[in-house]
Amino acid sequence: MTFRIRAARPDDLQALYEMAKLTGGGFTNLPPDRSALTIKLERSQAALAAIDPQGDELFVLVLENVATKEVRGTCQLFTHVGQRYPFYSYRLGNLTQHSAALSRTFRADMLSLATDLEGSSEVGGLFLHPGERAGGLGMLLARSRYLFIAQHRARFADRILAELRGVIDEAGGSPFWDGLAGRFFGMNFQDADQFNAVHGHQFIADLFPKHPIYTAMLSETARAAIGLPHPSGRAAMRMLEHEGFAYENYVDIFDGGPTMTAKTDQVRSIREAKTDRIIAVDDDGGDQALVSVGLLGDFRCAYGCVRQVAGGITIDRACAAAIGAKPDDVVVHVGRA
């Protein structure tokens with residue numbers, strides 16, 4: 001079976017809603033809420049229709065089975081976070097104090113509410129249907145976002161982030177939320193997460209204390225969750241690290257999951273992306289690659305075989321059909337590694 005990435009359309013709402021119901025909670029960018037998903041699709045359509053960058057754009061992409069036209073995955077890109085709502089993170093730091101009377105030095109870890117990452121671009125909302133978690137489709141979803149950025153570089157910031165879902169218990173709760181923020185809001189994790197998905201982070205600024213929180217005051221389970229990804233997100237964390245992202249002590253304010261950051265131009269798939277003209281479409285072999293074509297609403301990406309020839313490249317017929325590419329089209333490609 002051949003799959004491709006394309007820009008989401010309004011008629012993808014039902015497919016996105018069905019996938020959102022499978023996430024198991026804690027997936028802020030893909031809430032099981034039709035109204036919130038409709039707003040996302042409307043924002044994405046507006047961004048896709050804008051010739052000039054608007055400064056606060058959301059792009060929603062989907063993974064589509066070429067033969068059946070079924071949508072089996074999705075991912076999102078935000079050009080500049082924190083423009084509509086403040087973008088809050090916890091920054092994990094430390095304070096060292098010395099007591100001369102006791103002849104002892106104490107080092108305390110602290111969580112501080114921060115908006116340091118405001119203005120960065122974000123890749124998020126990645127979800128692959130459980131029935132398709134094989135064959136490198138998660139990698140196709142993840143890396144297609146970087147080719148989209150490479151083709152629309154002026155729309156994105158110089159720093160990029162990715163938030164990984166944190167530890168969620170069997171009941172759907174968050175040890176981190178229960179041990180920290182939940183004490184100030186009178187809301188369980190599921191309610192707070194859903195509210196944030198629909199209304200944004202502003203309620204955090206309204207109600208949360210502004211002073212640093214000493215981690216020693218948290219429960220053991222809450223402390224243990226700081227900076228840890230959900231078990232299902234460990235592979236995603238490895239993929240991000242392979243692309244050049246790093247954990248720099250920023251964590252999600254809801255579930256304590258790690259926020260990974262990188263310089264946009266140093267992300268591997270962006271740095272190594274090449275732009276070439278298609279000289280021919282054939283099945284004479286080549287190197288495995290991700291290949292994308294088209295701008296904004298016409299963006300399409302799929303796996304293919306690329307062979308360098310005089311004046312450009314050749315791509316295989318299946319890839320060409322999947323992305324609607326033909327000789328003389330200009331494509332962006334990066335090796336499948």
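Here are the numbers:
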| read-out | value |
| --- | --- |
| Tally of residues being assigned to a strand (DSSP E or B), of a type in the set (Gly, Ala, Ser) and more than 24 Å from the chain's Cα centre (by Cα) across the range 59-115 | 3 |
| Single unsatisfied condition, Arg165 versus (1) more than 30 Å from Lys263 (Cα to Cα); (2) basic (Lys, Arg); (3) touching a His at 6+ places or on another chain (Cβ under 6 Å) | (1) |
| In the range 6-35, residue nearest to Leu140 (Cα to Cα) [restricted to those that are of a type in the set (A, V, I, L, M) and crowded, with 18+ Cβ neighbours inside 10 Å] | Ala7 |
| Qualifying positions in the range 106-120 - in contact (Cβ under 8 Å) with a residue 40 or more places away in the chain and hydrophobic (A, V, I, L, M, F, W, C) | Ala108, Met110, Leu111, Leu113, Ala114, Leu117 |
| Criterion (at pLDDT below 95, more than 21 Å from the chain's Cα centre (by Cα) and either within 18 Å of Gly125 (Cα to Cα) or not small (Gly, Ala, Ser) (or both)) met by exactly one of Asp283, Asp276, Asp329, Asp255 | Asp283 |
| Selected residue [open to solvent by 30 Å² or more (accessible area, probe 1.4 Å), aliphatic (A, V, I, L, M) and within 28 Å of Lys210 (Cα to Cα)] from Leu92, Leu161 | Leu92 |
| Residue in the range 184-207 that is of a type in the set (D, E, K, R), surrounded by fewer than 18 Cβ atoms within 10 Å (Cβ to Cβ) and modelled with pLDDT of 80 or more present | no |
| Selection within the range 268-282 - open to solvent by 30 Å² or more (accessible area, probe 1.4 Å), farther than 12 Å from Arg153 by Cβ and part of a helix (DSSP H, G or I) | Arg268 |
| Residue in the range 148-163 that is assigned to a loop (DSSP other than H, G, I, E, B), under 24 Å from Leu37 (Cβ atoms) and touching a Lys or Arg at 6+ places or on another chain (Cβ under 8 Å) present | no |
| Scope the range 169-196; condition of a type in the set (Gly, Ala, Ser) and closer than 13 Å to Asp255 by Cβ; matching residues | Gly172, Gly173, Ser174, Gly179, Ala181, Gly182, Ala192 |
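For (1) among the hydrophobic types (A, V, I, L, M, F, W, C); (2) surrounded by fewer than 17 Cβ atoms within 10 Å (Cβ to Cβ); (3) in contact with a His (Cβ under 7 Å, 6 or more places away or on another chain), each residue gets a yes or a no:
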site: His242; (1), (2), (3): no, yes, no
site: Phe245; (1), (2), (3): yes, no, no
site: Lys263; (1), (2), (3): no, yes, no
site: Gln266; (1), (2), (3): no, yes, no
site: Asp284; (1), (2), (3): no, yes, no
site: Gly297; (1), (2), (3): no, yes, no
site: Thr314; (1), (2), (3): no, no, no
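The values are calculated or read from the model by the stated rules, or taken from the named source; none is laboratory data. Source: prediction; values computed, not measured. Cβ sites come from the backbone with ideal geometry, for glycine too, and all protein chains shown count toward neighbours. Note: accessible area is taken over every heavy atom of the protein model, side chains too, but ligands, DNA and RNA are not part of it. Shrake-Rupley method; radii C 1.70, N 1.55, O 1.52, S 1.80 Å.
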